Structures are given as structure tokens and as C-alpha cells.
Amino acid sequence: MARAGDYDLAGFAVGAVERARLLPRNDIVQGDVLLGIPSTGLHSNGFSLVRATVARTGASYAAPCPWDPHTTLGRALLTPTALYARTVLPAARAGLVKAMAHITGGGFVDNVPRALPATLGAWIDVANWALPPVFRWVMRAGAIEPGEMVRTFNCGVGMVLVVAEDKVGEALRALGQAGQTEVYTIGEVVASPGVEILNTDQWKE
């Protein structure tokens, strides 16, 4: 259903891992901590809503970005996706990470449960990090409810790591030594399935 002149460019990577190091591990328990690693922007997800928001406002992709006048709206929306392998692998290889969730399409609600046993879930408190300007603009300009934001976008957290409570300090040090100095403690694993998102009302302020 592409029109003449349209194209779709996709790529992929293939990796290998020893079976004993596969994630998620089978020792995830209630009380494990969720660490969030910042995203660089939209990470190529939710662009149907983004395009609808741009159309709703009548903005031009070539116009100055509403939250950063040093670039255009189009360039800001297309900020490249962060790559986490270099900074996360040392902590994973040290056995400090029980599971990882890449927050892509489906946001927190769909992606975090994929990293957890079916009997467990999590709470995530969005008060533990600042909603980046790109997401604040999309939410307000597009009149999008916070619940829809966390089901569609990464909202500033591109990767979630599940870490044992007593290993959080070690994990943070390993991440910092690998160059990942900004990490948020965003939630915990709980004893019931699903993801509860807390404090999204603050995004309306």
C-alpha cells in the first residue's frame, strides 16, 4: 500500500550468547529493582501519533523546533535511537542484570512484562525522572492522555534493567564505569502480573 516514490528501509543485527547467560534469568523475585536508562528521544516508535500531532498543530517539519530553536522540528523528532549494548553489557556479563526490557512500541505496559515471569508484574513511578520536552510537546500538542503515552512511547526511558535489590549499587557502578552515568531507579517487581504506572498526573501540570 506504499505510494509511488515511497520506500521502507529496515535493518537487523544477529548476536550470539552462551545458553547459561540467556536473559531473563529464572531467579526474578518480588522486590527486584527496575533501573531505567534514558532514551535519546522517540526511538522510531509512535510516529502515527506524532504525525497526527504535527498535522493537528499545523506545524512544519522545517520550522524551528518548539522546545529547541537550534534545530528544526523534523530533525528533533528524528533524533537517532540510543544504542545500549556498550554500556549495559559489562553489568550483564558480571551477572548483575536479571532481565532487560527495551522500551519500544507498546511502551512500558507491553514491554516490561515480556522480561518478567508470567506470575509477576511491576510498578513504575514516572516521578523518578523528568519527562523530556519532545514527549511533553507531543502529549500537550496532540491532546494525548498520559495513559496512552506510556502505552505508546518510551517517555524518556529506553531500556529497563531488572536487578536484585542488594546488587543495585554494583550495577550502577558497572554502568557508570561503562559510561552510563545517568540511570533512574524507576520501580520494583511485584507479586501480581501487569504494570502499574504511578504519578502520570504530574505530566499534566
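None of the figures in this text is laboratory data; all of them are computed from the coordinates on show. In this text, all values refer to a predicted model and were calculated from it rather than measured experimentally. For neighbour counting, all protein chains shown are included, and Cβ atoms are generated from backbone atoms with ideal geometry for every residue, glycine included.
Here is how the numbers come out for the structure above:
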quantity	calculated
Helix-only mean residue ellipticity at 222 nm for the chain, each DSSP H run of n ≥ 4 adding -39500 (n - 2.57), per residue, nearest 500	-8000 deg cm²/dmol
Range of Cα positions in region 1-108 per principal axis (Å), largest first	51, 33, 24
Label-reachable residues, region 169-205, where backbone N falls under 16 Å from a point 7 Å from L83's Cα toward its Cβ	179-180
Shape call, region 126-205: gyration tensor on alpha carbons, a/c limit 1.5	oblate
Normalised alpha carbon radius of gyration of region 77-165 [divisor 2.2 N^0.38 Å]	1.17
Size of electric dipole in the chain: Cβ of Lys, Arg +1 and of Asp, Glu -1, about Cα centre, debye, nearest 20	560 debye
Distance from region 27-47 to region 137-187 (C-alpha centre basis), Å	5 Å
Percentage relative contact order, the chain, counting C-alpha pairs under 8 Å, at least six apart	36 percent
Choice from P146, P69, P117 showing the highest fluctuation, given a GNM over the chain with Cα pairs closer than 10 Å	P69
15 Å reach of a label modelled at D27, 7 Å along Cα-to-Cβ, counting backbone N of region 89-128	92-99
Residue of G147, G11, G46 that the Gaussian network model of the chain assigns the largest fluctuation, springs spanning Cα pairs under 10 Å	G11
Matching label, Cα extents along the principal axes in Å computed from the structure shown, candidates (i) 45, 37, 34; (ii) 50, 39, 35; (iii) 45, 36, 31	(ii)
In region 1-77, the chymotrypsin sites (Phe, Trp or Tyr not before Pro) that fall in loop regions by DSSP, at most 11 other Cβ within 10 Å	Y7, F12
